[in-house]
Amino acid sequence: KLTNLLQTKSSWLTQTRYFQKVVDWSFDVIDSDDSGDVSLEELYSGLLLVHLKFAVYVGAPACRPASREYVAEIFHLLDTDDSGTLTKEEFTIVMKILYSQVFTRIVIQWTLTLMIVPLVSQYVIHYSKIIYTISHDFWKNIDDDIDPLQRLFYKLWSYFLHLTPEWMDDIGRSLWNAADKIPKGIWKSMPMTILTVGQTSVLLPFALSRVEEFFRGLAY
């Protein structure tokens, strides 16, 4: 298992000079007694320091550290002499293992954010308009007086106004007047904005978690 983990440790990010510099810095910070080795608790603290450092530049992919259980498992695999500590070289190996998939996660994040998410949003808006137009024309052919969907909305709105107190109606009118002053261009771009935020809040973390599970599966 250790051999498989070591085979996955190499990536473009972990081979950079900056990565090694950050790892050395985090080791020096957590090794406050200058003993030259770190315990499991200190190892996890060092991992958090590295994540915080990289999060400033790469964002979400580096903001999710590995679980304590996974870090502990790697710690015990490298702690071959059962001393309960790791040397600086072993600490570096652990960081490379834990960060082997981060560069891939960064690429996936930016690909989804810049290409896939906007494309999916455009298709959703486009086909939603088509479905609405088809349903609208269908119901209008049945009843030319007024769109049944609009009639249902009016009934629900009238019932809501009947139940609410007058002061709430005043607030609603004020909010409606304020919303009416917002430029139409903003309202037009609102569906795209909502869909984009929704996808980056749900789809992106899901995709990144699947990538992490994939690399851990390879390690095993």
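The values are calculated or read from the model by the stated rules, or taken from the named source; none is laboratory data. As the structure is a computational prediction, the values presented were derived from the model and not from experiment. In this analysis, Cβ positions are derived from the backbone assuming ideal geometry, glycine residues included, and neighbour counts consider all displayed protein chains. Just the protein is used for accessible areas: all its heavy atoms, side chains included, with ligands, DNA and RNA removed. Shrake-Rupley method; radii C 1.70, N 1.55, O 1.52, S 1.80 Å.
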- By average Cβ neighbour count within 10 Å, what is the ranking of 164-172, 104-112 from highest down? 104-112, 164-172
- Ignoring ligands, DNA and RNA, what accessible area per residue does the range 24-126 give at 1.4 Å, in Å²? 50 Å²
- List the relative contact order of the range 27-125 as a percent without decimals, with contacts defined as Cα pairs under 8 Å and 6+ residues apart. 28 percent
- Among 79-87, 36-44, 66-74, the order from most to least packed when residues are scored by Cβ within 10 Å on average: 36-44, 66-74, 79-87
- In terms of Cα to Cα distance under 20 Å, which aspartates and glutamates are near enough to LYS129, apart from those fewer than 8 places away along the same chain? ASP137, ASP147
